[in-house]
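S.K.: Can you keep this structure in mind? I'll have questions shortly.
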């Protein structure tokens with residue numbers, strides 16, 4: 001009878017795992033990053049066009065000054081300084097936009113790495129595959145039932161902490177190799 005209850009519990013627990021909202025959220029984030037990247041590239045291109053136009057204006061102004069017969073040196077110098085200041089301001093804006101663009105690329109790469117890691121760690125998506133690690137599945141089932149296992153720093157588990165949801169109690173059970181798996185599972189089940 002305990003195995004029937006356990007298999008029913010496993011079936012109901014696995015039915016409660018839903019990853020579709022997480023996958024959709026990651027997809028939305030990727031879409032937002034792609035849109036942001038396109039907008040920043042467009043803005044950078046526009047700033048570059050403005051910089052090119054201003055550079056042409058500077059060159060035209062220089063040639064116009066040379067071709068005029070009696071230009072005022074002071075006016076010419078002030079005009080050139082103003083155009084140079086505008087040119088440097090635009091160059092600074094372009095540098096800031098490029099920095100923001102690189103930051104967005106880094107964020108996108110990090111999010112893509114997180115997405116790939118989540119896809120690789122997704123236990124439920126690969127539940128039917130032969131590579132399913134039974135230890136991870138058992139730990140997830142135990143955690144969903146309110147049982148936390150404490151590591152003994154040598155690759156095993158030394159304690160099980162059971163949180164009873166019915167009476168809000170917490171029990172600590174020392175995992176000893178002398179107990180059988182059957183006894184341990186029945187004892188933990190009774191404490192829940």
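The values are calculated or read from the model by the stated rules, or taken from the named source; none is laboratory data. Since the structure is predicted, the reported quantities are computational estimates derived from the model, not experimental observations. Neighbour counts are summed over all protein chains in view; Cβ atoms, including those assigned to glycine, are modelled from backbone coordinates with ideal geometry.
S.K.: Might you let me know whether the stretch 114-131 holds any residue that is farther than 30 Å from residue 167 by Cβ, at pLDDT 90 or above, surrounded by 12 or more Cβ atoms within 10 Å (Cβ to Cβ) and touching a helix residue (DSSP H, G or I) at 6+ places or on another chain (Cβ under 8 Å)? Steps first, please.
M.R.: Start the filter on the stretch 114-131 by keeping residues that are farther than 30 Å from residue 167 by Cβ, which leaves 114-131.
Okay, now just the ones that are also at pLDDT 90 or above, so none.
Looking through the stretch 114-131, none of the residues is farther than 30 Å from residue 167 by Cβ, at pLDDT 90 or above, surrounded by 12 or more Cβ atoms within 10 Å (Cβ to Cβ) and touching a helix residue (DSSP H, G or I) at 6+ places or on another chain (Cβ under 8 Å).
S.K.: Name the residue, out of 72, 103, that is surrounded by 11 or more Cβ atoms within 10 Å (Cβ to Cβ), over 30 Å from residue 31 (Cα atoms) and without any contact (Cβ under 8 Å) to a residue 24 or more places away in the chain. So that I can check it myself, show each step before the final result.
M.R.: Working: 103 fails: over 30 Å from residue 31 (Cα atoms).
Criteria check complete, one pass: 72.
S.K.: Spot the failing condition for residue 17; the list is (1) surrounded by 12 or more Cβ atoms within 10 Å (Cβ to Cβ); (2) out of contact with any helix residue (DSSP H, G or I) (no Cβ under 8 Å at 6 or more places or on another chain); (3) part of a helix (DSSP H, G or I), and only one is missed.
M.R.: (3)
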